[in-house]
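Asks: Just dropping this structure here.
Read-outs throughout are calculated quantities, based only on the coordinates presented, and are distinct from any laboratory measurement. Small disclaimer: the values here were computed from a predicted structure and weren't measured. For neighbour counting, all protein chains shown are included, and Cβ atoms are generated from backbone atoms with ideal geometry for every residue, glycine included.
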Amino acid sequence: MRFGIVTFPGSNCDYDTYRAVADVLGEEAVYLWHKDHDLQGSDVVILPGGFSYGDYLRAGAIARFSPIMREVVAHADRGAPLLAICNGFQIACEAGLLPGALLRNDSLKFVCEPVRLRVENAETLFSSQYDVGQLLTIPIAHGDGRYTADEDTLSRIEGEGRVVFRYVGGPGDADAWWSPNGSMHAIAGIVSGAGNVLGMMPHPERAVDELLGSADGVGIFESILARVAA
Amino acid sequence: MSRFRVAVHIVPRRGLLDPQGKAVTDALRTLGFGGVQDVHVGRHVVVEMDASDRSVAERTTRDMCERLLANPVIEDYEIASVSAL
């Protein structure tokens, strides 16, 4: 299976993501240049983390108009898998592929640390290798990760089971919602209505080997593989 | 065609948590500005453009706001001024 990883000017997790796919998953990975109009036959597209266009205007606001986004949106509209990590999540929201927006962390600080996530839905294309309630340790590294949406949107995505990962484990209560960035409902990752687009702020590509402190992120890549290869 | 300068104010939507505005509010109070009730920090964008008249310049800038300059999910905008150059 071929994973296409989009490189925008300012992307900085494209190489890590490439390594996660090629070395850990053992699948083919290709870089997709943002100025091209060619997904190179990718079965799965990944929008990686970074600071595309220097986060000018708003994080992801300019990248969504990059030439390749036309093909990326068409790929998502066809129902093909799109994994949007960190800055990719911001781009996907700006592009209207996912509801809501990511705002400045409530602490006003850039937060770079491993966090605990709880798997809230293990039936999505991206989470089938996990169990509901399973706790994962995956790092975050962002300044604009506060998931925000209006009440109607929140109740809709909650009602439809589209919250896939939630931050938990604040001081004193390991199971309670706890958000390192002020996200509404402690939301760390959501899927689109059709279920084929996952946006998440934590970096699964940075948690693919015990040497990195955690291999809990591998399940996301394996879940995609299991579903798409089937 | 004439040239216009259009200024736009973009601020976080009312009711959304605005930590930056709150931090500035607290700092102002610390400085002794006790009357400060609320502060919102946003962006001020100035667009210089050619358009057939003032209303076209304003309408075009609104379109820019809807499509790029502001994110309607989280921000409100207002045209602050339109001046002929």
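Asks: Filter the stretch B:1-34 for residues that are of a type in the set (D, E, K, R), within 13 Å of chain A (Cβ to nearest Cβ) and under 19 Å from the mean Cα position of the chain (by Cα); which is surrounded by the most Cβ atoms within 10 Å (Cβ to Cβ)?
Replies: Pass one, the stretch B:1-34, residues of a type in the set (D, E, K, R): B:3, B:5, B:13-14, B:18, B:22, B:26, B:29.
Next, only the ones that are within 13 Å of chain A (Cβ to nearest Cβ) stay: B:13-14, B:18, B:22, B:26.
Subset that is under 19 Å from the mean Cα position of the chain (by Cα): B:13-14, B:18, B:22.
Values: B:R13: 17, B:R14: 9, B:D18: 22, B:K22: 16.
If we take residues in the stretch B:1-34 being of a type in the set (D, E, K, R), within 13 Å of chain A (Cβ to nearest Cβ) and under 19 Å from the mean Cα position of the chain (by Cα), then B:D18 is surrounded by the most Cβ atoms within 10 Å (Cβ to Cβ).
Asks: Further, regarding this structure: Hey, could you check the stretch A:140-152 for residues that are within 12 Å of another protein chain (Cβ to nearest Cβ) and within 14 Å of A:L102 (Cα to Cα) and say which is surrounded by the most Cβ atoms within 10 Å (Cβ to Cβ)?
Replies: Ranking the qualifying residues of the stretch A:140-152, first place goes to A:Y147.
Asks: Does the stretch A:29-81 hold any residues that are away from chain B (no Cβ under 14 Å) and without any contact (Cβ under 8 Å) to a residue 24 or more places away in the chain, and which are they?
Replies: Within the stretch A:29-81, the first condition is being away from chain B (no Cβ under 14 Å), and the residues that meet it are A:29-52, A:54, A:67-68, A:70-81.
Passing the criteria: A:A74, A:D77, A:R78.
Asks: Could we say that A:L198 is under 18 Å from A:F89 (Cβ atoms) and touching a residue at least 12 places away in the same chain (Cβ under 8 Å) here?
Replies: Values: under 18 Å from A:F89 (Cβ atoms): yes; touching a residue at least 12 places away in the same chain (Cβ under 8 Å): yes.
Answer is yes for this residue.
Asks: Considering each residue of the stretch A:55-80, count those that are closer than 29 Å to B:D76 by Cβ, assigned to a loop (DSSP other than H, G, I, E, B) and among the aliphatic types (A, V, I, L, M), and give that number.
Replies: 4
Asks: May I ask you to say which residue of A:I190, A:I220 is touching a residue at least 12 places away in the same chain (Cβ under 8 Å), under 13 Å from the mean Cα position of the chain (by Cα) and in a helix (DSSP H, G or I)?
Replies: Details: A:I190 fails: in a helix (DSSP H, G or I).
After applying the criteria, what remains is A:I220.
Asks: Could you please find all residues in the stretch B:47-76 being in a helix (DSSP H, G or I), surrounded by fewer than 17 Cβ atoms within 10 Å (Cβ to Cβ), of a type outside the set (V, I, T) and over 15 Å from the mean Cα position of the chain (by Cα)?
Replies: Passing the criteria: B:R54, B:S55, B:R59.
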